[in-house]
Amino acid sequence: MDWTSRLMDAIGYLEDSLEGEVNYEKAAGMANCSLFHFCRMFEVVFGSSPAEYVRRRRLSRSALDLAASGQKVIDIALRYGWDTPESFTKAFKRCFGITPTEARQSGTVLETWPPIRLAITLRGDKSMKYRIVEKGPINFTGIAVRTTSSENENLKTIPQFWLEKGNDGTVEALGKEASPFGLVGVCYDYKVSDNTFAYAIAIEKPTKASVSLPAGCEEIHVPPATYAVFESHGPMPDAIQQVWKEVYSEWFPSSEYEHAGTPDFEVYPKQENGCDSDLSADFYSEVWIPIRKK
């Protein structure tokens, strides 16, 4: 069974579980990957976490049930996993802008979410340049923010975080103490329960005790790993965001690897091509993803 079929089986399972308990470990197993890899892949390819997809689909189904039947709100709420009419009404209004009762009024139009229909083509017309690197444990130190991939929020939060820390001098201060590895953006501490992860602008931890680092720095320990390292050429943040997208939607599905579950990171080395701006078409960066054989 190919990757597309396995992923559609996992999505089918999520759809079949809208009126019951969802076991995300089981869904990941149907996709033949770890829960960590399943969640990250789902977010990058579809723009939401599996849990967020299920929540939206439950609300969409409940909206259709409200419009098509005279069932009590409490019965519909319980069917799709809400404990009380109040909690259901709150979630429904946050999603659609109106209450379940208002949704029943004649002529009401709601924008609902249909089931995912996978339309990913694994292209062979474009190669992805990468290398495999074995690297021992790394200790990073840096300033972190917590974000989520739901609705692509991280694609806004992380560039804004870089801008803020660039403006207040934090990026420059860290860069002065960076090893030849350069500045990095580390993704770590992923929590499946609320689909959040921490992102740190960091450097390898300096060995000299006398080094002065910005206030608020925290340490991030990354265990030994085998990495697939992908090159990015182009203005930030679009170029590196496109690399992430292609890795998950094209490279992983057609490779013999999956995400190993340890922190992944972006590397921003010293530019050796004369490039002096991260908005340049020549700006070079890398994506380091820990991998293991499927």
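The values are calculated or read from the model by the stated rules, or taken from the named source; none is laboratory data. From a predicted model like this one, the values you see are computed outputs, not experimental measurements. Please note: Cβ atoms are built from the backbone with ideal geometry, for glycine as well, and neighbour counts cover all protein chains shown.
Kindly indicate whether any position in the range 40-58 is without any contact (Cβ under 8 Å) to a residue 12 or more places away in the chain and over 19 Å from the mean Cα position of the chain (by Cα).
Checked against the condition, which is being without any contact (Cβ under 8 Å) to a residue 12 or more places away in the chain and over 19 Å from the mean Cα position of the chain (by Cα), the range 40-58 yields no hits at all.
If Leu174 satisfies all but one of (1) buried (at least 19 other Cβ atoms within 10 Å of the Cβ); (2) at pLDDT below 95, what's the number of the condition it fails?
(2)
For Glu231, are the conditions met, namely being outside any loop (DSSP other than H, G, I, E, B), farther than 19 Å from Leu155 by Cβ and touching a helix residue (DSSP H, G or I) at 6+ places or on another chain (Cβ under 7 Å)? Explain how you work it out, then say what you get.
Values: outside any loop (DSSP other than H, G, I, E, B): yes; farther than 19 Å from Leu155 by Cβ: yes; touching a helix residue (DSSP H, G or I) at 6+ places or on another chain (Cβ under 7 Å): no.
For Glu231, the condition - outside any loop (DSSP other than H, G, I, E, B), farther than 19 Å from Leu155 by Cβ and touching a helix residue (DSSP H, G or I) at 6+ places or on another chain (Cβ under 7 Å) - is not met.
Which of the residues belonging to the range 1-57 are among the basic types (Lys, Arg) and within 17 Å of Ser150 (Cβ to Cβ)?
Filtering the range 1-57 down to residues among the basic types (Lys, Arg) leaves 6, 26, 40, 55-57.
Answer for the range 1-57, where residues must be among the basic types (Lys, Arg) and within 17 Å of Ser150 (Cβ to Cβ): Arg40, Arg55, Arg56, Arg57.
Restricting attention to the range 44-71, which residues are among the aromatic types (Phe, Trp, Tyr) and within 27 Å of Gln105 (Cα to Cα)? Walk me through how you get there before you give the answer.
If we filter the range 44-71 for residues that are among the aromatic types (Phe, Trp, Tyr), which is where we start, we get 46, 53.
Tyr53, the sole residue that qualifies.
Scan the range 178-224 residue by residue and report those that are farther than 30 Å from Ser48 by Cα and either touching a Cys at 6+ places or on another chain (Cβ under 8 Å) or assigned to a strand (DSSP E or B) (or both).
Result: Glu204, single match.
Of all residues in the range 134-155, which are assigned to a strand (DSSP E or B) and either within 27 Å of Val192 (Cβ to Cβ) or without any contact (Cβ under 8 Å) to a residue 60 or more places away in the chain (or both)? Give the derivation first.
If we filter the range 134-155 for residues that are assigned to a strand (DSSP E or B), which is where we start, we get 134-135, 138-148.
Hits for the range 134-155 are Lys135, Ile138, Asn139, Phe140, Thr141, Gly142, Ile143, Ala144, Val145, Arg146, Thr147, Thr148.
If the Cβ limit is 7 Å and pairs must be 6+ apart or interchain, which residue in the range 209-223 that is assigned by TED's automatic domain parsing to the domain that holds Ile143 and modelled with pLDDT under 90 pairs with which residue that is charged (D, E, K, R) and surrounded by 10 or more Cβ atoms within 10 Å (Cβ to Cβ)?
Note: pairs meeting the criteria are Val211/Glu177.
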